[in-house]
Amino acid sequence: MGQDQAAPQFEANGDVRVPAFVLPVSDLLSEEAAAFQRARATTPAFDAAGEQEADVAVRREQINAYAAAGVARLRENFAVEIVPRVIGGVEVLDVTPADSGHDPERVLINLHGGAFTVGWDGIALMEAIPIAALGKFRVVSVNYRMAPEHRHPAGVEDVAAVYAALLTDYAPGRIGIYGGSAGGALTAQAAAWLPAHGLPQAGAVGIFGAGGVPFGAGESAYVAGYIDGSFPPPPADGSTAIDITRGYFDDCDPRDPSAWPGYHLDVLATFPPTLVITGTRAMDLSPAIFTNSQLLKAGVRSTLIVGEGMGHCYHYNIGIPEGRDAVAAILSFFRENLNR
């Protein structure tokens, strides 16, 4: 090591003092993804954590406005039919290919991202449209209850209600559940909730941009906070981090298996085949890795995809090859596993 290069300092308590360094664009990225990384130098930062807006109603409008351009592009490129419905007493968007050529025996339930506070219906459409169009699936996106109006387990109760209603028309092994970010965590909660409440397990689940433990768990929240910047790192002074869920898990035990099944091998053992997707620059990297490892330990078939140089929920960005590859893997996973 050269004299001018600082070395990490290892403290007796296990902390590591990391010197400042420059992280170059990975030479393993596609040209499109590398260009996307470079464009961040001139792109206004997006407040993914919602720190700058206290009014949740305004925040919801901001997120939908942010998603609007992406949804418009998806509508231009993918012909889908979007029908508002109520299933199991819960508002949903029923998304199918416009030619009605979807698989009649399989259905996917989508749980949108948005920190358990926002995301309906802009993020929901970003998640549902390409999966429905490219996979020829019926996708039912759920408007589950969120904070600050509601608390856990309101969201997973809504998911279970929609799932139970769909059992009238589909075998449980032909129903898949997936979501990104908060929707990924909610997917893990649903996989724990269904068998614990007398419902048959789903055929397969996809946990994207999340894990079965809190988002701030592990090391990646620190690393991503400084190399990606979409979410702030935990406070350096050890104070309590901002609650991006606006109290959704207030009064919930930090190890409650219905909220965070990743801590409980007996609960994970009830999971169906699971696909976990994260990125090397994502704050959810540690939760995703830990959840996948625990699923394997519990004897569940789990597949982990980690996108090189990718940030939080990179599968949303189908404008880059890495995003398209992630969507292709999602479709292949559900086609393979929704056969029971």
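The values are calculated or read from the model by the stated rules, or taken from the named source; none is laboratory data. Predicted model, so just to flag it, every value in this text is computed and none were measured. Note: ideal-geometry Cβ built from the backbone for every residue, glycine included; neighbour counts use all protein chains shown. Accessible surface is based on the protein model in full, side chains and every heavy atom, while ligands, DNA and RNA are left aside. Shrake-Rupley method; radii C 1.70, N 1.55, O 1.52, S 1.80 Å.
Any residue at all in the range 263-279 that is touching an Asp or Glu at 6+ places or on another chain (Cβ under 6 Å) and under 28 Å from Gly225 (Cβ atoms)?
So far as the range 263-279 goes, yes, one or more of its residues are touching an Asp or Glu at 6+ places or on another chain (Cβ under 6 Å) and under 28 Å from Gly225 (Cβ atoms).
Here Phe334 qualifies as of a type in the set (Phe, Trp, Tyr), farther than 17 Å from Gly211 by Cα and modelled with pLDDT of 95 or more.
Would a scan of the range 241-264 turn up a residue that is outside any loop (DSSP other than H, G, I, E, B), touching a helix residue (DSSP H, G or I) at 6+ places or on another chain (Cβ under 9 Å) and of a type outside the set (Ser, Thr, Tyr)?
Looking only at the range 241-264, we keep the residues that are outside any loop (DSSP other than H, G, I, E, B), and these are 261-263.
Pick out the ones that are also touching a helix residue (DSSP H, G or I) at 6+ places or on another chain (Cβ under 9 Å) and you get 261-263.
Applying the additional criterion that residues be of a type outside the set (Ser, Thr, Tyr) yields 261-262.
Taking every residue of the range 241-264 in turn, at least one turns out to be outside any loop (DSSP other than H, G, I, E, B), touching a helix residue (DSSP H, G or I) at 6+ places or on another chain (Cβ under 9 Å) and of a type outside the set (Ser, Thr, Tyr).
Filtering the range 276-289 for residues that are open to solvent by less than 10 Å² (accessible area, probe 1.4 Å), of a type outside the set (D, E, K, R), out of contact with any strand residue (DSSP E or B) (no Cβ under 9 Å at 6 or more places or on another chain) and part of a helix (DSSP H, G or I) leaves an empty set. For Leu125, the criteria (1) under 29 Å from Ala57 (Cβ atoms); (2) without any contact (Cβ under 8 Å) to a residue 60 or more places away in the chain; (3) aliphatic (A, V, I, L, M); (4) open to solvent by less than 10 Å² (accessible area, probe 1.4 Å) hold in every case but one, which is (4). Within the range 133-180, the set of residues being touching a helix residue (DSSP H, G or I) at 6+ places or on another chain (Cβ under 8 Å), assigned to a loop (DSSP other than H, G, I, E, B) and of a type in the set (S, T, N, Q) comprises Asn143 only. Scanning the range 22-42 for residues that are in contact (Cβ under 8 Å) with a residue 12 or more places away in the chain, open to solvent by 100 Å² or more (accessible area, probe 1.4 Å) and in a loop (DSSP other than H, G, I, E, B) returns a single hit, Leu28.
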